[in-house]
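Let me begin by presenting the structure, written as structure tokens, before commenting on it.
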Amino acid sequence: MKFAMKLFLLGASATTASAFLGPTTSSPLSSPTPQLHASLRDIVSGVGTGTSSTSAKPATMMSAKARGEGYGPPLGDISEAVGNTPMVKISNKLCPEGRTIYAKCEYFNPLSSVKDRLALAIIEAAEKDGSLKPGQTVIEATSGNTGIAVAMMCAQRGYPCVITMAEPFSVERRKLMRMLGAKVIVTPKAGKGTGMVEKAKELSEKHGWFLCHQFETEANWKFHYDTTGPEICNDLKSIGSDLDYYVTGYGTGGTFHGTGKYIKENSPGTKIILAEPGAANLIGSGIKTDRNDDGSPAGSHPAFAAHPIQGWTPDFIPLVLEQGLGLQDEMVEIPDGAGVETSQALARNEGILTGISGGATMWAAIETAKKAPEGSVIVAMLPDTGERYLSTPLFASI
């Protein structure tokens, strides 16, 4: 059984160098205080110095479980710790005055990312329908977080695990998967995301292994419909708050599709903001991905270019994402460097340690807040922990 760990920290008013390649053009990170993107300079002054453009009131705690109360009865296994992640209020050191931004902190999942939900969903669905047999090897292509989550589930359930991963993704992710017992096959950088997907499919067909199909399976978005969406709506309802904007990026598109679908059905007035890298605006291009019969990509998308947000926007439009398109009310392109800078600003101003994708999502949330009517409430997804990025530009200046 799972128990909600409702931690509403309501503060008062107060990814590798490139997803698949080389150097970024982000602003210099040579000093302890980063040079913030122009949009953040309007809000933050003195990042890392303890000062802000507006004075912050003392933080207060509301609706949080009392310290010492305990989590609840012990869990049966680690998979029961997936989900029920907290939302944390962003202070006015980053959030524009008169608006409220909550960060949905997915690094509270047991292996520190939103992909724990995906791995649990895929494994449990496959066990239920019989497509995954006892002792069968599980294989998947991943930028890292899904592989770590799948390795966790395989270790807990007793399945051998093989992961294919494109070369540019961070080394620490490979080591975490190997620590969890997975075999990691690194595919050439030139093949990009499509290359690692094709390798996983090839090995699955050759050896009769179970292929997770994270980019195509309905289990992906349906789990977010059943969990992430309700968590957000229920937690805001518990404090009597509406939800005006929901902001997210995409990797597989499962979070956007499932959570967005639930929110639209239960809070029709909520506007959904979908972000993607400006350097790889696949959706914005209007060009569809060619597909194989199983829904997997038949080739690399012509609008793809290297970008610094690890885990976001592979070199194709995933089927799970494509099937959810139309739920969004607005698309936001993330400028190069904004994800890194906003992630660093979150760490130094809020004590929130998230990755480049979390920084990019928060940048989109801040930009949304600037244009939103006074009193608006915005929820932004933070997909993972900053500790996944120690060897990337996120920590280059540290």
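The values are calculated or read from the model by the stated rules, or taken from the named source; none is laboratory data. Predicted model, so just to flag it, every value in this text is computed and none were measured. Cβ placement follows ideal geometry from the backbone for every residue including glycine, while neighbour counts extend to all protein chains displayed. Ligands, DNA and RNA are stripped out before the accessible areas are found, and what is left, the full protein with its side chains, is counted by its heavy atoms. Shrake-Rupley method; radii C 1.70, N 1.55, O 1.52, S 1.80 Å.
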Positive end of the dipole of the range 350-396, charges at C-beta (+1 Lys, Arg; -1 Asp, Glu), about the Cα centre: which of ALA380, ALA364, LEU394 has its Cα farthest in that direction? ALA364
Using the Karplus equation 6.51 cos²θ - 1.76 cosθ + 1.60 (θ = phi - 60°), what ³J(HN,Hα) coupling, rounded to whole Hz, does each residue of the range 89-103 give in order, writing x for Gly and Pro? 6, 8, 6, 6, 5, 10, 7, x, 4, x, 10, 10, 10, 10, 9
Can you list residues whose amide H is under 5 Å from ARG291's amide H, if they're 5+ apart or on another chain and H is modeled 1.01 Å from N? ALA298
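Mind checking Rg over Rh on the range 328-374, alpha carbons, Kirkwood formula for Rh? Can you show the working numbers first?
Working: Rg = 11.0 Å, Rh = 11.0 Å.
Radius of gyration relative to Kirkwood radius: 1.00.
At 20 °C and 1.002 mPa s, grab the translational diffusion coefficient of the range 154-198 from Stokes-Einstein with a Kirkwood Rh over Cα pairs, rounded to a whole number in µm² per second. Could you put the intermediate results ahead of the total?
On the way: Rh = 11.0 Å.
The estimated diffusion coefficient comes to 195 µm²/s.
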Any trypsin sites (Lys or Arg not before Pro) in the range 255-320 that lie in a DSSP loop and have at most 16 other Cβ atoms within 10 Å would be LYS288
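Using only C-alpha positions, report the orientation-averaged shadow area of the convex hull of the range 239-395, nm², one decimal.
Numbers: hull surface 40.3 nm².
Approximately 10.1 nm², given one-decimal rounding.
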Above-threshold pairs, the threshold being 28 Å between Cα atoms, out of LYS89/LYS271; LYS93/LYS222; LYS133/LYS264; LYS65/LYS104; LYS89/LYS370: LYS93/LYS222; LYS133/LYS264
For the range 350-361, 3J(HN,Hα) per residue [Karplus equation, 6.51 cos²θ - 1.76 cosθ + 1.60, θ = phi - 60°, Hz, x = Gly/Pro]: 10, x, 9, 9, 10, x, 5, 5, x, x, 5, 5
Provide the per residue accessible area, probe 1.4 Å, for the range 221-292, rounded to a whole number of square angstrom. 36
According to the square roots a ≥ b ≥ c of the eigenvalues of the Cα gyration tensor, what is the shape class of the range 262-319, taking rounded for a/c under 1.5, prolate for a/b larger than b/c otherwise, and oblate for the remainder? oblate
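What Kirkwood Rh does the range 118-247 have if only Cα atoms enter the pairwise 1/r average? Answer in Å. Let's see the in-between values first.
Details: mean 1/r = 0.0635 Å⁻¹.
Hydrodynamic radius (Kirkwood, Cα pairs) of the range 118-247 is 15.8 Å.
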With 10 Å bins from zero, work out the P(r) of the range 182-273 over every alpha carbon pair and list the percent per bin. 15, 35, 24, 17, 10, 0
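Determine the dipole magnitude for the range 102-240: charges of +1 sit on the beta-carbon of Lys and Arg, -1 on that of Asp and Glu, nothing else is charged, the reference point is the Cα centre, and the result goes in debye to the nearest 20.
Approximately 440 debye in magnitude.
Looking at the range 94-131, which GluC sites (Glu not before Pro) are DSSP coil and have at most 16 other C-beta atoms within 10 Å of their C-beta?
On the way: sites: GLU97, GLU106, GLU124, GLU127; in loops: GLU97.
Here the sparse-neighbourhood loop sites are GLU97.
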Each residue of the range 177-189 in turn: what ³J(HN,Hα) in whole Hz from Karplus with 6.51, -1.76, 1.60 and θ = phi - 60°, glycine and Pro shown as x? 5, 5, 4, 8, x, 7, 8, 10, 10, 8, 9, x, 4
For LYS271, what residues show an amide H to amide H distance below 5 Å, using hydrogens built from the backbone and excluding near sequence neighbours? TYR245, TYR246
Non-local residues with an amide H under 5 Å from the amide H of VAL162, with H modelled 1.01 Å from N and Pro and chain starts lacking one, are VAL138, ILE139, GLU140, LYS183
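Taking the alpha carbon gyration tensor of the range 122-169, what are the square roots of 5 times its eigenvalues, largest first, to the nearest whole Å?
Working: eigenvalues 86, 19, 17 Å².
Sorted largest first and rounded, they come to 21, 10, 9 Å.
Can you sort ILE398, ILE123 by 1.4 Å-probe accessible area, starting with the largest? Don't skip to the end; give the middle numbers.
Working: ILE398 130, ILE123 0 Å².
Of ILE398, ILE123, the descending order of accessible area is ILE398, ILE123.
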Mind checking the log10 I(q)/I(0) for the range 68-144 at q = 0.19, 0.21 Å⁻¹? Debye, one equal scatterer per Cα, no solvent, two decimals. -0.96, -1.05
